1. Compute the FRET efficiency between V171 and V269 as 1/(1 + (r/R0)^6), taking r as their Cβ-Cβ distance and R0 = 45 Å, and round to the nearest 0.05.
2. Using just the alpha carbons, could you tell me how many Å³ per residue the convex hull of the range 289-360 encloses?
3. Using a 1.4 Å probe on the protein heavy atoms, what percent of the accessible area of the range 21-96 belongs to carbon and sulfur?
4. Mind running the shape call on the range 256-375? Use the C-alpha gyration tensor, a ≥ b ≥ c as the square roots of the eigenvalues: rounded below 1.5 for a/c, prolate if a/b tops b/c, oblate otherwise.
5. Probe radius 1.4 Å, ligands and nucleic acids ignored: give me the carbon and sulfur share of the accessible area of the range 256-375 as a rounded percent.
Amino acid sequence: MPAADHTPSPQGAGGGLVSTPELTVVIPCYNERANVAPMVARLDAALAGIAWEAVFVDDDSPDGTADAARAIARADPRVRAIRRIGRRGLASAVIEGALSSSADYVAVIDGDLQHDETRLPDLLAALKSGQADLAVGSRHVEGGSNAGLANGFRHMLSDGGIRLAQFSLPVKLTDPMSGYFMLPRPLFEHLAPRLTGQGFKILLDLLLSSPAPLRVREIPVQFHAREAGESKLDVLVLLQFAGLLADKMLGGILPLRFISFALVGAIGVGVNLAALFVGRAAGLGFGAAQTVATILAMIGNFVLNNAVTYRDQRLRGPRLWRGLILFLAVCSVGAVANIGIARSLFAERLGWTLSGLAGAAIGVVWNYAVSATLVWRTR
Ligand code: GDD
Ligand code: MN
């Protein structure tokens, strides 16, 4: 889709109050209360002469981030707050904020002041020149820096992710993991229905979702150290990110959640076998050892699915225990179905491997479908 497929808003560079701003800055935030007011002040300084609005998208942070944004919004019509309840996720928060815009351009910037907002006019200029569909604030082009990453481990995560992403990307990009970018709003809307909306990497999701390669312009930015609050990116986010790539490579045939669920199931088989081995070495009989091993594997699967597969609606507190019991019940039925089907196919002389595989496939589909509605309640 061509970048020039949008009409500029009627107002010039005066920055006065007009019905439609030229630029919407989407700011995903979770527990960033202390950063909201400084963010608005910095945008105000950086975007002088541009008609802008800021949309804070908060996932019901316990620290009251949305309240802080709303308090400012009451006095400043350029500021809006979206409070999402019962959901977590950077990518989906960005999508929601961007889809609430009717401006010409949409920018995305972290709410923790780690991205250099003074580069926003450069990103805008790159788009307005018509030479790019997407402008990215990059830490890895000359003049950029990621010195603000918390530690060596974070550097490793970040670099590893970048390699992985570059491998699967249709366009050359030095910093595909950046969370700081801008594009014409109509282009975003065009791509939005194809986005997976999972995890942290909305930029990557956009690039991979475009039917035609996007023309990207990278602008060097500094990545500052965090001043308040803490990072939400961890190893699990990287796992989710691997899932996103897998989903794109498979062309979205299988839902991402199912892939994750099945992979966790495969790990569970490993846990089961290992525990069986230990139980036998400890002198348990086969029946007892296999029972203990199966329960351990199911508990492990529950914990992993809760942390990775259903990260965005993770169960906590009393709901966690209720979920665990339900999960054990669901999987027990799945195991019975698995064995029953494998047995009857075996009786039909289908052979060990095929019978076993068919039983396992039915088991995992059952476990997935039922636990998705019963344990984690997804739509
Ligand atoms: N609404 C919402 N929901 N916002 C979130 C969530 C969420 O579940 N998780 C994180 N955020 C917000 C944070 O409050 C912050 O404003 C921004 O998203 C980035 O999250 P951080 O936790 O600060 O990320 P980071 O500093 O570790 O990661 C940075 O580097 C990555 C590349 O290594 C960010 O710039 C990422 O965007 C970037 O991809
Ligand atoms: Mn950050």
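The values are calculated or read from the model by the stated rules, or taken from the named source; none is laboratory data. Predicted model only: the values in this text are computed from it and were never measured. Note that each Cβ is placed from the backbone with ideal geometry, even for glycine, and that neighbours are counted across all protein chains shown. Heads up: the accessible areas ignore ligands, DNA and RNA and are worked out on the full protein's heavy atoms, side chains in. Shrake-Rupley method; radii C 1.70, N 1.55, O 1.52, S 1.80 Å.
1. The calculated FRET efficiency here is 0.70.
2. Per residue, the Cα convex hull of the range 289-360 comes to 95 Å³.
3. So the carbon and sulfur contribution to the accessible surface is 52 percent.
4. oblate
5. Carbon plus sulfur share of accessible area: 75 percent.
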